1. What about Leu170, is it farther than 26 Å from Lys37 by Cβ and of a type in the set (A, V, I, L, M, F, W, C)?
2. Does any residue in segment 23-48 that is in a strand (DSSP E or B) come within less than 9 Å, Cβ to Cβ, of a residue that is among the acidic types (Asp, Glu) six or more places away or on a different chain, and which pairs are these?
3. With (1) assigned by TED's automatic domain parsing to the domain that holds Asp89; (2) modelled with pLDDT of 90 or more as the list, and Asp36 as the residue in question, which single condition is left unmet?
4. Given (1) without any contact (Cβ under 8 Å) to a residue 24 or more places away in the chain; (2) closer than 17 Å to Ala122 by Cβ, identify the lone condition not met by Phe102.
5. Against the definition (modelled with pLDDT of 90 or more, part of a helix (DSSP H, G or I) and in contact with a helix residue (DSSP H, G or I) (Cβ under 9 Å, 6 or more places away or on another chain)), how does Leu170 come out, yes or no?
6. Among Glu85, Glu157, which is loosely packed, with under 13 Cβ neighbours inside 10 Å, more than 22 Å from the chain's Cα centre (by Cα), closer than 22 Å to Leu54 by Cβ and not polar (S, T, N, Q)?
7. Return the residues of segment 125-134 that are surrounded by 12 or more Cβ atoms within 10 Å (Cβ to Cβ) and either in contact with a helix residue (DSSP H, G or I) (Cβ under 8 Å, 6 or more places away or on another chain) or hydrophobic (A, V, I, L, M, F, W, C) (or both); say none if nothing qualifies.
8. Counting only residues that are among the polar types (S, T, N, Q) and more than 24 Å from His185 (Cα to Cα), which one in segment 1-44 is surrounded by the most Cβ atoms within 10 Å (Cβ to Cβ)?
Amino acid sequence: EQHFHMIFDAAKQAGWHRPPLTRCDHMGFGVVQGEDKKKFKTRSGETVKLGDLLNEAVQRAALEINKRVEEQQKDGGEAFLTDLEEQKDAAQKIGIAAVRYFDMKQNRTSNYVFNWGRMLDAKGNSAVFLFYAYARIRSIQRKAGIEIGSIDQNRLEVKHPAERDLALKLLQFPDVIEAILADLHLHHLT
């Protein structure tokens, strides 16, 4: 950490870092662990490269998308993403988002276990679930013929307890952002 403060001081002397206009922070991190609770490494014992990690996440997302499309077609339902280019694009977005979100939801100062299953889980606190929820919401909006921009915000009524809980949670958002800016712990957002 001391090395970073020396760099911050040098940046100040060079005129690149001008507090309070700019901010430099050292952000400590825990260790990413494998399922065996040891430092996450490849089978050969080398550190996992980010590019390799992202490529595998995209491949796993592509396999999951293919599986879901096949299941939907087999069940006679309307399959999403039947176009191969759309599948490839979705796999790219979902795979990378899954890694980013999984990493972001961890307390950065604590060690955590890397787990592909939890990262790509469509039912848990994951990027995959968020993509799915967003797609469902948009589908409901389309079917209901609701255009978000046409809603009169002054006429919104919160009637159901779940609506009230959601509204209260949304009102906390600015405070969460302030907390993140103060302590740089992104997991507060998830």
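1. Working: farther than 26 Å from Lys37 by Cβ: yes; of a type in the set (A, V, I, L, M, F, W, C): yes.
Judged against the criteria, Leu170 is a match.
2. Val32/Asp103
3. (2)
4. Of everything listed in (1) without any contact (Cβ under 8 Å) to a residue 24 or more places away in the chain; (2) closer than 17 Å to Ala122 by Cβ, Phe102 misses just condition (1).
5. On the way: modelled with pLDDT of 90 or more: yes; part of a helix (DSSP H, G or I): yes; in contact with a helix residue (DSSP H, G or I) (Cβ under 9 Å, 6 or more places away or on another chain): no.
Answer is no for this residue.
6. Values: Glu157 fails: closer than 22 Å to Leu54 by Cβ.
Result: Glu85 is the single residue among Glu85, Glu157 that is loosely packed, with under 13 Cβ neighbours inside 10 Å, more than 22 Å from the chain's Cα centre (by Cα), closer than 22 Å to Leu54 by Cβ and not polar (S, T, N, Q).
7. Of segment 125-134, the ones surrounded by 12 or more Cβ atoms within 10 Å (Cβ to Cβ) are 125-132.
If the condition is that a residue be surrounded by 12 or more Cβ atoms within 10 Å (Cβ to Cβ) and either in contact with a helix residue (DSSP H, G or I) (Cβ under 8 Å, 6 or more places away or on another chain) or hydrophobic (A, V, I, L, M, F, W, C) (or both), then Ser126, Ala127, Val128, Phe129, Leu130, Phe131 are the ones that fit.
8. Initially, segment 1-44 is screened for residues among the polar types (S, T, N, Q), giving 2, 13, 22, 33, 42, 44.
Those left that are additionally more than 24 Å from His185 (Cα to Cα): 13, 42, 44.
Numbers: Gln13: 9, Thr42: 12, Ser44: 5.
Within segment 1-44, the match that is surrounded by the most Cβ atoms within 10 Å (Cβ to Cβ) is Thr42.
The values are calculated or read from the model by the stated rules, or taken from the named source; none is laboratory data. Quantities reported herein were computed from a predicted structural model and do not represent experimental measurements. Please note: Cβ atoms are built from the backbone with ideal geometry, for glycine as well, and neighbour counts cover all protein chains shown.
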